[in-house]
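Quick notes on the structure that follows.
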Amino acid sequence: MTGQRTAQRTAQPTAPPAPAGPAAETPAVPRFYRVASRREDTADTVTLELTEPAQPVPAFAPGQFAMLTAFGVGEVPISVSGLGDSGGGRARRLEHTLRAVGAVTRALHAAPPGSLIGVRGPFGTGWDVASAAGRDIVIVAGGIGLAPLRPVVLSALADRSRYGRIVLLAGARTPGDLLYAGELERWSRDGVEVAVTVDRADSAWSGEVGLVTALIEPAGLAPGNSVAFVCGPDIMMRFTADALAARGLPASRIRVSLERNMRCGAGWCGHCQLGPLLVCRDGPVVSYDRAAPLMRVREL
Amino acid sequence: MTGTVTASLSAQPFFAALADSQREALAGDGTAVMVAAGERLFDEGGVADMFWLIELGRIALDMRVPGRGDQIVETLGPGTVLGWSWLHPPYRWQFGAVARLATSAVAFDAPSVRRRCDADPAFGYAMLRAFTPVITERLQATRLRLLDLYAAPHQLSHADIGPVNP
């Protein structure tokens with residue numbers, strides 16, 4: 001039994017025939033996606049491009065997440081960082097940026113092109129970028145929190161005339177930990193107002209050094225006509241949202257992406273409960289007027 | 001010249017809480033300056049006899065670390081104030097400061113401002129109320145950076161890192 005289990009843990013699965021009918025849509029059954037490409041963004045972070053042309057899961061919205069399976073290791077919730085080909089309401093191509101921090105993410109991080117990864121989803125609430133139409137978009141990212149926000153930038157740029165200013169404020173631990181450095185330059189050329197700060201500079205860094213909240217005041221925001229999208233560690237989101245609120249941005253127009261212990265993804269198991277919210281179903285994206293009281297409760 | 005400085009002060013939220021008369025008085029101790037990129041404003045341990053309101057550009061606060069050179073601890077941009085060591089004895093800079101970009105600022109004669117604060121407690125209190133939020137914000141920012149929030153568990157040097165993500 002132990003040997004068999006060991007064999008199961010190490011075997012690379014082959015994609016079985018996809019189930020037909022209603023069972024195909026069950027959120028508990030992963031689909032087999034193939035790693036089409038693997039890009040190393042930083043020393044411990046990669047972006048995997050996943051494809052499944054035959055039986056893809058439904059299309060994702062920016063801010064939603066998938067449960068990704070490293071077969072034989074486990075499953076983790078990872079937000080989409082790129083929506084790829086979502087024609088016909090199906091996610092034939094997906095991008096996920098993930099950091100190797102534990103057993104599952106280390107296995108996913110190491111997945112080579114051609115290997116198979118299980119995908120369940122889409123799960124949770126999205127950023128609802130379209131609701132910012134006619135307003136300025138303010139994106140504040142901390143660390144790998146830039147990954148779930150990348151689709152916000154891409155979708156706003158794809159429909160540029162619908163929005164006012166697009167302001168992106170990003171904080172990273174060091175210059176080497178900054179995600180999407182090449183894309184940040186491209187977005188800047190495309191009219192996104194990009195400001196970046198790092199906690200620790202190296203000798204080659206000529207930019208800002210300090211907390212991401214220090215970028216808010218110089219950005220000259222128009223709080224009365226902005227919608228903010230904030231993602232990063234909980235404490236960073238709280239301080240950022242408070243700083244935005246202090247400048248007059250209503251908490252209802254500040255959105256944060258909560259991270260809790262998501263397991264089923266469908267609100268069944270309760271592992272991700274945060275007060276009255278099941279984060280996998282009612283989040284991860286919630287407005288700050290809902291999130292703020294919960295983020296301050298020590299036991300939650 | 002004082003009129004130019006007064007206009008500069010009025011344009012920046014930093015001294016917004018000062019009454020017009022107080023702002024004009026403060027402007028009397030200020031001079032518009034340009035600092036070239038790379039120019040050092042002060043060194044750690046030097047006499048803190050100035051402070052600056054940055055209008056454009058970027059200033060880095062740094063500290064000389066043996067074997068590692070000048071380590072930047074924070075950068076300051078437009079609308080922020082550089083220097084508060086002039087407020088309290090021993091009036092010595094705790095860090096160094098160097099312009100990272102060409103910077104325009106209003107430079108203040110700190111001993112003169114201090115004398116004005118001593119002579120006019122209402123003015124002194126207004127100045128304190130202008131500086132205290134900056135000091136508080138930077139202290140909070142420093143504390144948050146101490147938490148190393150963006151670090152992965154393997155990057156943290158201390159043991160108590162809590163549960164590790166899968």
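Things to note:
- Look at the alpha carbon pairs under 8 Å that are at least 6 residues apart: their mean separation over the length of chain B gives a relative contact order of 26 percent.
- Neighbouring partner chain Cβ atoms per residue of A:201-209, average, 10 Å criterion: 5
- Looking at chain A alone, DSSP beta bridges between its own residues are antiparallel in about 60 percent of cases.
- Rounded Å value of the spacing that divides the Cα centres of the range B:1-73 and the range A:51-106: 49
- For the range B:23-102, the fraction of alpha-carbon pairs lying more than 15 Å apart is 58 percent, rounded to a whole number.
- Remark: chain A is approximated by an ellipsoid whose semi-axes, taken from the C-alpha gyration tensor as √(5λ), come to 32, 21, 19 Å, largest first.
- Crossing angle, helix A:234-246 versus chain A [Cα axis fit, 0-90 degrees, rounded to tens]: 30
- Using the Cβ of B:Thr136 as centre and a radius below 14 Å, the other residues enclosed give a net charge of +1, where K and R count +1 and D and E count -1.
- Taking a ≥ b ≥ c as the square roots of the eigenvalues of the Cα gyration tensor, the range A:79-152 is classed as oblate, since a/c reaches at least 1.5 and a/b does not exceed b/c.
- Kirkwood Rh and Cα Rg combined as Rg over Rh, evaluated for the range A:157-218: 1.01
- When chain B is treated as a Gaussian network with alpha carbon springs shorter than 10 Å, the biggest mean-square fluctuation among B:Thr80, B:Thr136, B:Thr103 belongs to B:Thr136.
- Based on alpha-carbon atoms, the Kirkwood radius and the radius of gyration of the range A:129-295 give Rg/Rh equal to 0.97.
- The mean of 1/r over all distinct Cα pairs in chain B, once inverted, gives the Kirkwood hydrodynamic radius of 17.5 Å.
- Listing A:Cys269, A:Cys231, A:Cys264 from fewest to most neighbouring C-beta atoms within 10 Å gives A:Cys269, A:Cys264, A:Cys231.
- Crossing angle, helix B:2-11 versus chain B [Cα axis fit, 0-90 degrees, rounded to tens]: 40
- Helix A:146-158 and the longest principal axis of the Cα set of chain A meet at an angle near 70°.
- Just so you know, the averaged projected area of the alpha carbon convex hull for the range A:208-300 sits at 6.5 nm².
- Principal axis dimensions, the range A:24-123 - Cα atoms, whole angstrom, descending: 36, 25, 24
Each value in this text was obtained by applying a stated rule to the coordinates, not by laboratory testing. Owing to the predicted nature of the structure, the values given are computational and were not obtained by experimental measurement. Positions of Cβ are generated from backbone atoms using ideal geometry, with glycine treated the same way; all protein chains shown enter the neighbour counts.
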